[in-house]
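The values are calculated or read from the model by the stated rules, or taken from the named source; none is laboratory data. The structure displayed is predicted, hence computed values, not measured ones. As a convention, Cβ positions derive from the backbone with ideal geometry for all residues, glycine included, and neighbour counts pool all protein chains shown. Keep in mind that these areas ignore ligands, DNA and RNA; they rest on the heavy atoms of the full protein, side chains included. Shrake-Rupley method; radii C 1.70, N 1.55, O 1.52, S 1.80 Å.
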Amino acid sequence: MDFKILAAPLKDLRAAEADALLVVVGEDTEPGSLGKVLGAALSQALRGGDLAYKPGRCLYLHHVTGVKARRVVFAVAKDASAKAFRTALLNGLASIKGGGTEHLLVASSLAQPLGSAQAQALPGAIDDSLYVYRHTKPSAPAASKLRRVSLACDVAESASVHEGLRRGEAIAAGVALARECANRPGNHCTPEYLANQARRLGKDFGLTVQVLQRKDVEKLGMGCFLAVAQGSAQPLRFIVARYKGAGKSAAPLVLVGKGITFDTGGISIKPGADMDEMKFDMGGAASVLGTLRAVAQLKPKINVVGIIPACENMPSSTAVKPGDVVTSMSGQTVEILNTDAEGRLILCDALTYAERLKPAAVVDIATLTGACVVALGHHRSGMFSTSDELAEQLDRAGQTALDPCWRMPMDEEYDEGLKSNFADMANIGPRAGGAITAAMFLKRYTAKYPWAHLDIAGSAWKSGAAKGATGRPVPLLTQFVLSRAD
Ligand code: BES
Ligand code: MN
Ligand code: ZN
């Protein structure tokens, strides 16, 4: 998709070269601000009751006399925020995307001029609206014809709108990569597939990519990661991908993504219903790849390292069993009481590995607990941190990128549930507060650096009719990386 800005006054939109025109309107829109022709169309629609200034409302008009664009859509926004702009866009796009539009012109007639935040939201909204999974579905509907999107803005705002679009495009490309990876079924998206995705990023964007195999992981003493991987015929991979935007001595930001390419639960096997959804259990890994892609395109002056422990969680005669005790890379032992709590096992060794990178901060991202979905639903990611500063940065990044998270508590009382009679800790605690106990488990491996954990079990994918990956939290993470580089 080709995104451009069109620095032109609203009054001139009727003459603009495009085959569809999407105008975001709102309570404070003076129809007259759109010029005579479009203004008349809008006020007529308002007067006739065909459109009301109520958030969510849209009106599609065909062949408005005097307007060059063949299709005109008015979409009503709640206010001038980037979030309301995005919602209005998505509503408006619904009536255009199936048609023959190749070049779309987007404009806002809200009193407050469009800025970088709205512009940043545009590419992602277009992608979200047009995305169709097709890799294993030849019968999927034909791709949209849309090729070009122009965004009309004030001449005075054009520099910041341009910067917003640039960020938005990179983030959307990262989201697309994460979504596509996560949507791939488990027999396609294997640990080696993730490694290949990382290698490809390395080639295309100049990242340094290292892929460790079982032998390397054994040498490092990653007993917890090995325990999860040992039940599967798919070989494990441990991926380390480096983006260098700053000097060698600059401590890197480290992103660790859970890469379980399929989670059956292992010997503590999951119920059959909806188990297919556990192909999304590499959503954290996908978001690390997507973020690296976005960052490598934007080239901020910061060092970022992505770490992905990748394997399958399978039941078999070689699988780890409830009650088995294993030794993590940190030297702490773990009693595996439930083999379905595997995410924390692969992450804890990756978090210990992160120490050798002397990180400025470490953020892990994982579809870690069903309990997090119960707590926060599918809207906000769960965020846990041992650092108030880091927590605040992540919270702000999520708000700015319209990819919100919510900080959860980590009182030491929650740690008590992890007691084991046979090891330094158990891998599960009581059912209540399950997302928090999981975070408390990870915390035991992160004493050496500022750390945060994002539980994306709810936000990384949707269930039901719209089942599929969301590509989240690539927007949050990219915004966070950019904010750390500022
Ligand atoms: N991958 C799952 C978490 C999950 C569940 C993600 C539902 C998305 C939707 C994770 O490995 C898991 O199985 N967690 C267990 C932990 C429990 C055994 C302590 C869970 O949440 O039930
Ligand atoms: Mn599991
Ligand atoms: Zn899992």
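Below, the figures for the structure above:
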item: Helices (runs of 4 or more DSSP H) contained in the range 82-200 and holding at least 1 residues among the charged types (D, E, K, R) and open to solvent by less than 60 Å² (accessible area, probe 1.4 Å); result: 116-130, 158-183
item: Residue check, Q297 under 23 Å from S328 (Cβ atoms), among the polar types (S, T, N, Q) and more than 16 Å from ligand 1 (Cβ to nearest atom); result: no
item: Odd one out for N303 among (1) within 15 Å of ligand 1 (Cβ to nearest atom); (2) touching a residue at least 60 places away in the same chain (Cβ under 8 Å); result: (1)
item: Per-region count, the range 237-270, residues away from ligand 2 (no atom under 12 Å from the Cβ), farther than 23 Å from L454 by Cβ and of a type outside the set (S, T, N, Q); result: 5
item: Per-region count, the range 403-434, residues part of a loop (DSSP other than H, G, I, E, B), in contact with a Lys or Arg (Cβ under 7 Å, 6 or more places away or on another chain) and either more than 19 Å from V373 (Cα to Cα) or basic (K, R) (or both); result: 1
item: Residues located in the range 278-324, provided they are among the charged types (D, E, K, R) and either under 17 Å from S483 (Cβ atoms) or touching an Asp or Glu at 6+ places or on another chain (Cβ under 9 Å) (or both); result: K279, D281, R293, K299, K301, E312, D324
item: Within the range 42-58, considering residues that are open to solvent by 20 Å² or more (accessible area, probe 1.4 Å) and touching a Ser or Thr at 6+ places or on another chain (Cβ under 9 Å), the one nearest to L104 (Cα to Cα); result: C58
item: The range 442-486: number of residues that are hydrophobic (A, V, I, L, M, F, W, C) and at pLDDT below 95; result: 2
item: From the options F480, F422, residue that is over 20 Å from E277 (Cβ atoms) and surrounded by fewer than 24 Cβ atoms within 10 Å (Cβ to Cβ); result: F422
item: Selection count, the range 281-337, where residues are open to solvent by less than 10 Å² (accessible area, probe 1.4 Å), of a type outside the set (A, V, I, L, M, F, W, C) and over 17 Å from the mean Cα position of the chain (by Cα); result: 3
item: Residue that is open to solvent by 20 Å² or more (accessible area, probe 1.4 Å) and near ligand 3 (Cβ under 10 Å from one of its atoms), where the choices are G370, G343; result: G370
item: Sole residue being at pLDDT 95 or above and in contact with a Leu (Cβ under 8 Å, 6 or more places away or on another chain), chosen from A366, A375, A319, A350; result: A366
item: Residues of the range 279-294 classified as in contact with a strand residue (DSSP E or B) (Cβ under 8 Å, 6 or more places away or on another chain) and either away from ligand 1 (no atom under 12 Å from the Cβ) or without any contact (Cβ under 8 Å) to a residue 60 or more places away in the chain (or both), total; result: 7
